[in-house]
Amino acid sequence: MRILVTGAAGMLGTDVCKAATDAGFDVLAFERTRLDVADASAVEAAVRRAGPDVIVNCAAWTDVDGAEASPQAALEVNGAGAGNVARAAAGCGAWIVHVSTDYVFDGSKSEPYLESDSVAPLSEYGRSKLEGERAVAREAPEQHTVVRSSWLFGAAGRCFPKTILRLAAERDELTVVADQAGCPTFTAHLAGALIDLGRTRRLPGVVHVAAAGQCSWFEFATKIVASARLPTQIKPGATSEMPRPAPRPAYSVLRSERAGAPPLPDWRRGLDEFMSLRVPVS
């Protein structure tokens, strides 16, 4: 089986390429410098030449706050770009697995979001990702899986644990928001599920795939510092006290109501595996 991965140099894309290679598949890795998903003609030509069986689209504008200042740029990648990849996939008969986000929800629920829940993104980033979901469904209606996940962290890129470890090494005290809850998801765990969804499960439509369990950013940070045996004190803070350009959903825990949705380990296990890698902080 031949698997094409877009955004292959990113945090998730790196792990997807590794998972596919470890599984014995022929992997075609396209980082952004090699393939800009916003360039429709380039995407069509690259996919046609490659002839993949599965495309995992990890290419994304991930700067949540930056999207507030540059909404059109985010939309070109997360919206139109996703549609370009899906159109090319449909053209060569490939199944597309497209990665989306919990930020398509407004966070007003107090129990986990399911695939059937109404979407209402609060930010430009969330709106661009929702447009991407719709573009994928429109361009490859019979051969797509849209995977929503949550609070990704991994060894290959910038992420919350690396930031906390860096700051904790520099400071005696950190304040972290305690009124936002989600599912910190280790990209190495998610990567295997994405390959599985492209290879055998092939669930059409939207499916939620995130780590088991839930926590706040404060609880996540506390666990990170404890795992590193650092003396830094982590204090709980309120979102209102630490405003950001892009609004975040207060509650975006994801669970699946779909039979066959791949389960992931608890977020604490993901953090343990991340910490065992001893990756450089950033």
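The values are calculated or read from the model by the stated rules, or taken from the named source; none is laboratory data. It should be emphasised that the depicted structure is a prediction, and the values quoted were computed from it without experimental measurement. When we count neighbours, we look across all protein chains shown, and the Cβ atoms used for this are built from the backbone with ideal geometry, even at glycine. Protein only, heavy atoms only, side chains kept; ligands, DNA and RNA dropped before computing areas. Shrake-Rupley method; radii C 1.70, N 1.55, O 1.52, S 1.80 Å.
For the range 39-97, a residue qualifies if it is surrounded by fewer than 18 Cβ atoms within 10 Å (Cβ to Cβ) and of a type in the set (S, T, N, Q), and the qualifying residues are Ser41, Ser70, Gln72.
Looking across the range 231-240, the residues that are surrounded by fewer than 18 Cβ atoms within 10 Å (Cβ to Cβ) and touching a helix residue (DSSP H, G or I) at 6+ places or on another chain (Cβ under 9 Å) come down to Pro231, Gln233, Lys235, Pro236, Gly237.
Scanning the range 162-186 for residues that are farther than 18 Å from Val225 by Cβ and open to solvent by 30 Å² or more (accessible area, probe 1.4 Å) yields a count of 1. The residues listed here are Ala60, Ala80, Ala88; of these, the one that is outside any loop (DSSP other than H, G, I, E, B), small (Gly, Ala, Ser) and in contact with a Lys or Arg (Cβ under 8 Å, 6 or more places away or on another chain) is Ala88. Within the range 1-40, the set of residues being in a loop (DSSP other than H, G, I, E, B) and out of contact with any Lys or Arg (no Cβ under 9 Å at 6 or more places or on another chain) comprises Gly24, Glu31, Arg32, Thr33, Arg34, Leu35, Asp36, Val37, Ala38, Asp39.
Only residues that are among the small types (Gly, Ala, Ser), buried (at least 18 other Cβ atoms within 10 Å of the Cβ) and not in a loop (DSSP other than H, G, I, E, B) were counted across the range 250-282, and they come to 1.
Reported count of residues in the range 187-221, each being assigned to a loop (DSSP other than H, G, I, E, B), open to solvent by 30 Å² or more (accessible area, probe 1.4 Å) and in contact with a Gly (Cβ under 8 Å, 6 or more places away or on another chain), is 1. Selection of first residues in the range 190-204 that are more than 18 Å from Asp26 (Cβ to Cβ) and of second residues that are in a loop (DSSP other than H, G, I, E, B) and open to solvent by less than 80 Å² (accessible area, probe 1.4 Å), restricted to Cβ pairs under 6 Å at least 6 apart or on distinct chains, gives the following pairs, ordered by first then second residue: Ala193/Val209; Ala193/Pro262; Arg201/Gly260; Leu203/Gly260. With respect to being among the hydroxyl-bearing types (Ser, Thr, Tyr) and under 18 Å from Phe105 (Cα atoms), Ser216 fits the description.
With the condition kept exactly as written, say whether any residue in the range 43-62 is more than 16 Å from the chain's Cα centre (by Cα), of a type in the set (S, T, N, Q) and closer than 18 Å to Pro245 by Cβ. Looking for residues that are more than 16 Å from the chain's Cα centre (by Cα), of a type in the set (S, T, N, Q) and closer than 18 Å to Pro245 by Cβ, one finds none in the range 43-62, hence no. Select from the range 1-16 the residues that are open to solvent by 20 Å² or more (accessible area, probe 1.4 Å) and out of contact with any Pro (no Cβ under 8 Å at 6 or more places or on another chain) and list them in ascending order. Met1, Ala9, Gly10, Met11, Thr14, Asp15 - these are the residues of the range 1-16 that are open to solvent by 20 Å² or more (accessible area, probe 1.4 Å) and out of contact with any Pro (no Cβ under 8 Å at 6 or more places or on another chain). Residue pairs whose Cβ atoms lie under 6 Å apart, sitting 6 or more positions apart in sequence or on different chains, and linking a residue in the range 160-188 that is touching a residue at least 60 places away in the same chain (Cβ under 8 Å) to a partner that is basic (Lys, Arg) and not in a strand (DSSP E or B), are Gln180/Arg248. Taking the criterion of being within 17 Å of Ile195 (Cβ to Cβ), open to solvent by 10 Å² or more (accessible area, probe 1.4 Å) and not in a loop (DSSP other than H, G, I, E, B), the only residue of the range 149-161 that qualifies is Leu152. Pairs linking a residue in the range 28-57 that is on the phi > 0 side of the Ramachandran plot to a residue that is open to solvent by less than 40 Å² (accessible area, probe 1.4 Å) and among the small types (Gly, Ala, Ser), with Cβ atoms under 9 Å and 6 or more positions apart or on different chains, are Gly51/Ala94. For the range 98-132, a residue qualifies if it is open to solvent by less than 10 Å² (accessible area, probe 1.4 Å) and of a type in the set (A, V, I, L, M), and exactly one does: Val104. Each residue in the range 162-184 was checked for being assigned to a helix (DSSP H, G or I) and of a type in the set (Val, Ile, Thr), and 2 pass. The numbered conditions (1) in a helix (DSSP H, G or I); (2) open to solvent by 40 Å² or more (accessible area, probe 1.4 Å) are all true for Pro247 except (1).
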